[in-house]
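Asks: First, the structure itself, so that you have it in front of you.
The values are calculated or read from the model by the stated rules, or taken from the named source; none is laboratory data. This one's a predicted model, so the numbers in the text were calculated from it and none came from an experiment. As a convention, Cβ positions derive from the backbone with ideal geometry for all residues, glycine included, and neighbour counts pool all protein chains shown. Areas reflect the complete protein model, heavy atoms only, side chains present, ligands, DNA and RNA absent. Shrake-Rupley method; radii C 1.70, N 1.55, O 1.52, S 1.80 Å.
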Amino acid sequence: MSLQRFAVLGAGAWGSALACAAARAGRTVTLWTRNSEAAAAMQRTRESPRLPGIKLPDTIAITSDIAQAVSRIDAILLVVPAQELRAVAQMLDDAAPSGTPVVACAKGIERGTHRFMTEVIAECAQTALPAILSGPSFAADVARGLPTAVTLAARDLGLVERLSQALGSATFRPYHSTDVRGVEIGGAAKNVLAIAAGIANGRNLGASAVAAVTTRGFAELVRLGRAYNARPETLTGLSGLGDLVLTCSSPQSRNFSLGIALGRGEKPDGAARGKLAEGALTAPALVELAKSKNVDMPIAAAITDLLAGKLTVDAAIEALLSRPFREE
């Protein structure tokens with residue numbers, strides 16, 4: 001089956017960037033936003049307000065009608081925040097053709113249900129073929145056509161190979177995998193851990209401390225991945241270690257930037273400055289999931305308590321630094 005026509009649901013920075021990548025790969029692309037006024041403005045300016053200065057190719061159609069967006073397509077990129085993914089996925093059960101690949105492009109775990117993104121898709125759009133896209137990638141880089149490598153995962157090897165071929169180009173390189181859960185764990189955990197790295201940066205604890213937080217955070221990510229039988233190559237690959245390194249080292253990361261603000265003394269409710277940091281929403285679900293698997297994630301737990309107002313930044317740092325010495 002040829003995957004030529006793509007619907008990209010969600011016209012924020014990441015959705016607009018992936019629409020650009022798909023168009024650059026030669027695909028027919030329809031970009032959907034739920035707001036009709038926003039759709040009209042984007043049609044007029046050929047620009048996403050979340051990506052100022054970056055023009056959308058003229059070949060990308062823009063609509064606020066989801067039925068129109070998904071009625072005659074070969075695959076869907078579902079690019080909405082993790083905690084909003086269920087609401088949009090539910091629209092697809094009747095609107096999308098049966099057997100349509102639906103690729104989750106959000107990195108998180110649903111609060112309350114502890115569901116991963118592909119599980120949410122499977123529950124809401126029962127005839128869909130769930131997949132996940134993750135890896136070290138900033139929206140502005142992808143939209144500009146700068147070299148980027150990501151991971152695409154689905155249970156069916158043939159499906160994920162076709163998706164990778166359809167979306168791949170000289171500058172956007174999707175590596176394929178069938179380790180869906182491993183890819184999802186990497187994407188969800190790294191956002192939470194990036195907040196911790198940002199706090200170390202914002203508190204001026206030094207580059208050594210940021211490296212230590214990143215490395216010990218990776219150990220937590222690996223422990224959770226092993227509990228779900230994730231493959232070692234997934235955890236040390238693009239969607240695991242690769243994404244963690246990027247997110248823990250650049251202010252372009254909303255989660256890292258949130259951590260910097262917290263480290264500088266800002267309160268959790270004001271530190272995000274209106275920008276969505278997925279890690280802040282995923283943290284409680286990640287820690288609860290880890291506890292259910294008897295996995296120790298002290299850094300993620302400290303971030304969860306800090307965001308809930310149960311710990312101060314200084315108390316969180318002290319708690320982590322006073323843990324017993326142990327074998328690495």
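Asks: Considering every residue within the stretch 176-186, establish whether at least one is open to solvent by 40 Å² or more (accessible area, probe 1.4 Å) and assigned to a helix (DSSP H, G or I).
Replies: No: zero hits.
Asks: Something else now. Is it the case that the stretch 197-212 has a residue that's touching a strand residue (DSSP E or B) at 6+ places or on another chain (Cβ under 7 Å) and of a type in the set (Gly, Ala, Ser)?
Replies: No, that holds for no residue.
Asks: Can you confirm whether residue 130 is over 19 Å from the mean Cα position of the chain (by Cα) and not charged (D, E, K, R)?
Replies: no
Asks: Let me ask something additional. Every residue in the stretch 309-320 that is open to solvent by less than 70 Å² (accessible area, probe 1.4 Å) and either free of Cβ contacts under 8 Å to residues at least 24 places away in the same chain or outside any helix (DSSP H, G or I) (or both), please.
Replies: Scanning the stretch 309-320 gives 309, 311, 315, 319, 320.
Asks: Related question: Residue 292 fails exactly one of the following numbered conditions: (1) surrounded by fewer than 19 Cβ atoms within 10 Å (Cβ to Cβ); (2) touching a strand residue (DSSP E or B) at 6+ places or on another chain (Cβ under 6 Å); (3) of a type in the set (Ser, Thr, Tyr). What is the number of that condition?
Replies: (2)
Asks: Restricting attention to the stretch 1-29, which residues are of a type outside the set (Ser, Thr, Tyr) and under 12 Å from residue 78 (Cα atoms)?
Replies: 6, 7, 8, 9, 10, 11, 12, 14, 15, 18, 19
Asks: Separate question: Residue by residue through the stretch 35-53, note down the ones that are touching a strand residue (DSSP E or B) at 6+ places or on another chain (Cβ under 9 Å) and under 22 Å from residue 103 (Cβ atoms).
Replies: 39, 42, 48
Asks: Yes or no: residue 251 within 24 Å of residue 79 (Cα to Cα) and open to solvent by 60 Å² or more (accessible area, probe 1.4 Å)?
Replies: Yes.
Asks: (1) closer than 17 Å to residue 328 by Cα; (2) surrounded by 20 or more Cβ atoms within 10 Å (Cβ to Cβ): which one isn't true of residue 209, the others all being true?
Replies: (2)
Asks: Further question: Give the number of residues within the stretch 142-158 that are touching a residue at least 24 places away in the same chain (Cβ under 8 Å) and open to solvent by 10 Å² or more (accessible area, probe 1.4 Å).
Replies: Residues in the stretch 142-158 being touching a residue at least 24 places away in the same chain (Cβ under 8 Å) and open to solvent by 10 Å² or more (accessible area, probe 1.4 Å): 9 in total.
Asks: Have a look at 149, 122, 143 and point out the one that is part of a helix (DSSP H, G or I) and closer than 30 Å to residue 55 by Cα.
Replies: Testing whether each residue is part of a helix (DSSP H, G or I) and closer than 30 Å to residue 55 by Cα leaves just 143.
Asks: Looking at (1) more than 24 Å from residue 172 (Cβ to Cβ); (2) open to solvent by 10 Å² or more (accessible area, probe 1.4 Å); (3) part of a helix (DSSP H, G or I), find the lone condition where residue 113 falls short.
Replies: (3)
Asks: Then there is this: On the basis of being more than 28 Å from residue 279 (Cα to Cα), touching a helix residue (DSSP H, G or I) at 6+ places or on another chain (Cβ under 8 Å) and surrounded by fewer than 23 Cβ atoms within 10 Å (Cβ to Cβ), does residue 71 make the cut?
Replies: Working: more than 28 Å from residue 279 (Cα to Cα): yes; touching a helix residue (DSSP H, G or I) at 6+ places or on another chain (Cβ under 8 Å): yes; surrounded by fewer than 23 Cβ atoms within 10 Å (Cβ to Cβ): yes.
So residue 71 fits the description; yes.
Asks: Residues in the stretch 216-225: is at least one buried (at least 24 other Cβ atoms within 10 Å of the Cβ) and under 25 Å from residue 266 (Cα atoms)?
Replies: Yes, that holds for at least one residue.
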